[in-house]
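These notes concern the structure reproduced below.
The values are calculated or read from the model by the stated rules, or taken from the named source; none is laboratory data. For clarity, every value in this text was computed on a predicted model and none was experimentally measured. Every residue, glycine among them, receives a Cβ derived from its backbone with ideal geometry; neighbour counts consider all protein chains shown. Just the protein is used for accessible areas: all its heavy atoms, side chains included, with ligands, DNA and RNA removed. Shrake-Rupley method; radii C 1.70, N 1.55, O 1.52, S 1.80 Å.
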There are 2 protein chains.
Amino acid sequence: MSKKLQEEVIQSLQALNPPQPPKLVGFLSSEDPAARVYAEWTGRNCRELGFEFELREVDREDLEESLIAANADAGVHGIIVYYPIYGSQHDRYLQQIVGLNKDVEGLSHTYIFNMYQNIRFLDEERKVKSILPCTPLAVIKVLEYLQIYNTILPYGNRLHGRTITVINRSEVVGRPLAALLANDGAYVYSVDVNDVLGFHRGQGLKKKRHEVTEKPGWTMKDCIPLSDVVISGVPGDKFKVPLELIKDGAVCINFSSEKNFAPGVKDRASIYIPAIGKMTIVVLLRNLLRLYQNTLAQQNSS
Amino acid sequence: MSKKLQEEVIQSLQALNPPQPPKLVGFLSSEDPAARVYAEWTGRNCRELGFEFELREVDREDLEESLIAANADAGVHGIIVYYPIYGSQHDRYLQQIVGLNKDVEGLSHTYIFNMYQNIRFLDEERKVKSILPCTPLAVIKVLEYLQIYNTILPYGNRLHGRTITVINRSEVVGRPLAALLANDGAYVYSVDVNDVLGFHRGQGLKKKRHEVTEKPGWTMKDCIPLSDVVISGVPGDKFKVPLELIKDGAVCINFSSEKNFAPGVKDRASIYIPAIGKMTIVVLLRNLLRLYQNTLAQQNSS
């Protein structure tokens with residue numbers, strides 16, 4: 001599934017024909033072996049698609065200064081930081097240090113704000129594209145591949161008529177994903193342990209961006225049976241989507257590192273996607289390419 | 001203690017002689033009765049010092065749009081939001097929506113970044129002052145009042161020679177406070193449940209901003225006895241600073257809502273400050289005045 005997007009990225013990079021391959025720098029500042037594995041995996045994917053990758057191992061007390069230096073270095077085109085480092089709000093602070101023009105992960109406040117507000121460019125001339133956060137964007141790319149996005153409809157409205165449940169409302173994935181899908185025209189039920197919220201652009205997509213409606217008393221039982229697509233990303237191995245609620249022929253996507261759908265999901269779902277990690281890494285490299293293109297666009301206009 | 005700063009603010013406001021009193025708008029979007037009490041208290045203090053205050057009660061799902069509207073409204077000079085609202089990362093997102101020129105709380109990433117980096121102005125001409133977050137700044141103002149800041153020393157180095165322990169390393173108060181004190185020249189021991197870190201500008205204040213040194217194996221037992229000032233802000237009523245560690249004649253300041261120092265502190269400390277809430281609100285209004293002055297400076301230079 002990720003192959004198609006991979007080829008698109010390779011072709012776009014070749015068409016650009018840069019004097020040097022765009023360079024992604026990864027910062028590793030924790031002892032977590034999973035972070036190192038992920039860093040190495042980033043590097044391998046990066047090189048496969050024709051980009052350069054450099055891993056910098058930095059003491060966490062020096063990370064802020066190292067990021068500032070990388071922001072100022074014209075030879076660095078993208079920056080990825082392997083979290084958690086402090087595992088606290090300190091990590092949120094560090095995320096905001098990465099320069100807007102190098103933020104391949106799309107975690108800068110400006111990008112997140114634009115995503116929620118459905119603003120797709122950084123400039124008024126609409127040449128410099130806003131970057132979307134990788135994991136939510138990977139889910140979007142999966143849904144495009146699966147033709148849940150209907151290309152007959154105008155760009156920006158291609159989920160009109162779809163009903164989607166997203167289970168998890170974290171600021172990292174669940175809430176941005178619900179907002180992105182609703183901004184593209186879907187009616188989204190966003191589920192967390194406390195409540196269900198409706199994200200939507202109103203009857204006939206009258207609004208330019210999504211609004212949020214409370215659904216007092218609603219639970220998964222009310223919204224999953226209505227949904228064409230069920231997307232779940234609950235951490236830990238305890239939570240399972242109740243299979244009996246899933247509409248026959250629905251599309252089911254898991255973005256948790258654990259399996260949120262029991263094996264029986266295959267008997268109900270028309271399509272079941274157990275993991276999106278491969279798509280996420282390709283999306284990250286697509287963002288790297290976007291940032292490179294943005295830099296060229298800004299140089300040409302100045 | 002807050003009276004002196006209060007009078008300074010009143011006099012500065014009168015000297016400016018604005019056509020209308022600068023206006024602070026508070027946003028209340030939670031059912032928490034403590035938030036309402038705090039909002040009313042803000043309003044009372046605001047009016048007493050000659051500012052205008054308006055409380056806007058907004059459904060939390062409409063808060064983002066309401067903040068964007070207030071950012072664009074030239075009649076609004078400062079914005080305060082009463083947290084917690086969602087009690088999650090969503091609140092951090094909302095904090096970043098408040099415009100830089102209206103952020104009386106000093107919570108925008110740009111302000112926090114400048115604070116850590118010891119950058120005191122937003123512009124190269126050094127006319128537009130960077131805003132400091134209220135609670136850490138209130139502690140600074142208390143230390144200035146108590147003459148821990150030595151005005152014989154050059155501005156920016158007035159804590160040189162002081163040793164200070166700060167207990168709590170949250171991103172909201174403890175870590176910024178440790179950084180501010182170290183940037184002003186102190187040697188600061190920052191203590192949390194896991195470890196002790198040294199924040200300092202090096203021998204002879206050679207560095208322009210603080211750096212952080214790990215203190216492997218250190219605990220409160222090692223740093224409190226060395227400290228001229230002990231500042232504690234541990235939430236909850238369980239933690240107490242071990243009184244026997246406090247140096248005779250040290251200055252003790254509590255910024256927790258609970259009492260981190262047992263009553264016996266008065267027998268050891270030369271000065272004991274049990275709470276800083278009153279100073280915090282005056283500092284907030286001083287920030288409001290700063291933002292107003294910044295706007296004038298920006299208008300004059302453009």
Residues of the range B:251-302 classified as farther than 30 Å from residue B:16 by Cβ, in a helix (DSSP H, G or I) and open to solvent by less than 30 Å² (accessible area, probe 1.4 Å), total: 1
Yes/no for residue B:168 being of a type in the set (S, T, N, Q), open to solvent by 10 Å² or more (accessible area, probe 1.4 Å), more than 13 Å from the chain's Cα centre (by Cα) and not assigned by TED's automatic domain parsing to the domain that holds residue B:287: yes
Any hit, the range A:2-14, residues being surrounded by fewer than 17 Cβ atoms within 10 Å (Cβ to Cβ), within 22 Å of residue A:111 (Cβ to Cβ) and either of a type outside the set (A, V, I, L, M) or modelled with pLDDT under 95 (or both): yes
Residue in the range B:91-103 that is within 14 Å of chain A (Cβ to nearest Cβ), under 25 Å from residue B:185 (Cβ atoms) and not in a loop (DSSP other than H, G, I, E, B) present: no
Residue B:116 being among the aromatic types (Phe, Trp, Tyr), in contact (Cβ under 8 Å) with a residue 24 or more places away in the chain, within 12 Å of another protein chain (Cβ to nearest Cβ) and not in a loop (DSSP other than H, G, I, E, B): yes
Hits in the range B:176-214 (condition: among the aromatic types (Phe, Trp, Tyr) and open to solvent by 50 Å² or more (accessible area, probe 1.4 Å)): B:187
Residues of the range A:202-228 classified as away from every other protein chain (no Cβ under 14 Å) and either of a type in the set (Ser, Thr, Tyr) or in a loop (DSSP other than H, G, I, E, B) (or both), total: 6
Members of the range B:129-165 that are in contact (Cβ under 8 Å) with a residue 60 or more places away in the chain, assigned to a loop (DSSP other than H, G, I, E, B) and surrounded by 20 or more Cβ atoms within 10 Å (Cβ to Cβ): B:131, B:132, B:148, B:162
Test for residue B:84: is it out of contact with any Pro (no Cβ under 8 Å at 6 or more places or on another chain), open to solvent by 20 Å² or more (accessible area, probe 1.4 Å), within 30 Å of residue A:174 (Cα to Cα) and part of a loop (DSSP other than H, G, I, E, B): yes
Residue in the range A:229-237 that is part of a loop (DSSP other than H, G, I, E, B) and hydroxyl-bearing (Ser, Thr, Tyr) present: no
Residue count, the range A:53-74 (criterion: over 24 Å from residue B:117 (Cα atoms) and surrounded by fewer than 16 Cβ atoms within 10 Å (Cβ to Cβ)): 1
Any hit, the range A:71-84, residues being of a type in the set (S, T, N, Q), outside the structural domain of residue A:147 (by TED's automatic domain parsing), within 24 Å of residue A:294 (Cβ to Cβ) and in contact (Cβ under 8 Å) with a residue 60 or more places away in the chain: no
Counted residues, the range B:1-23 - those being outside any helix (DSSP H, G or I) and over 18 Å from the mean Cα position of the chain (by Cα): 7
Top-ranked residue of the range A:104-113 - restricted to ones that are closer than 21 Å to residue A:9 by Cβ, open to solvent by less than 30 Å² (accessible area, probe 1.4 Å) and in contact with a helix residue (DSSP H, G or I) (Cβ under 7 Å, 6 or more places away or on another chain), ranked as nearest to the other protein chains (Cβ to nearest Cβ): A:106
Only listed residue being assigned by TED's automatic domain parsing to the domain that holds residue B:175, loosely packed, with under 12 Cβ neighbours inside 10 Å and of a type in the set (Asp, Glu), chosen from B:222, B:248: B:248
Residues of the range A:225-245 classified as more than 17 Å from residue A:186 (Cβ to Cβ) and either surrounded by 15 or more Cβ atoms within 10 Å (Cβ to Cβ) or over 21 Å from the mean Cα position of the chain (by Cα) (or both), total: 10
Residue in the range A:278-287 that is of a type in the set (Val, Ile, Thr) and over 30 Å from residue A:51 (Cβ atoms) present: no
Any hit, the range A:32-55, residues being of a type outside the set (Lys, Arg) and within 14 Å of chain B (Cβ to nearest Cβ): no
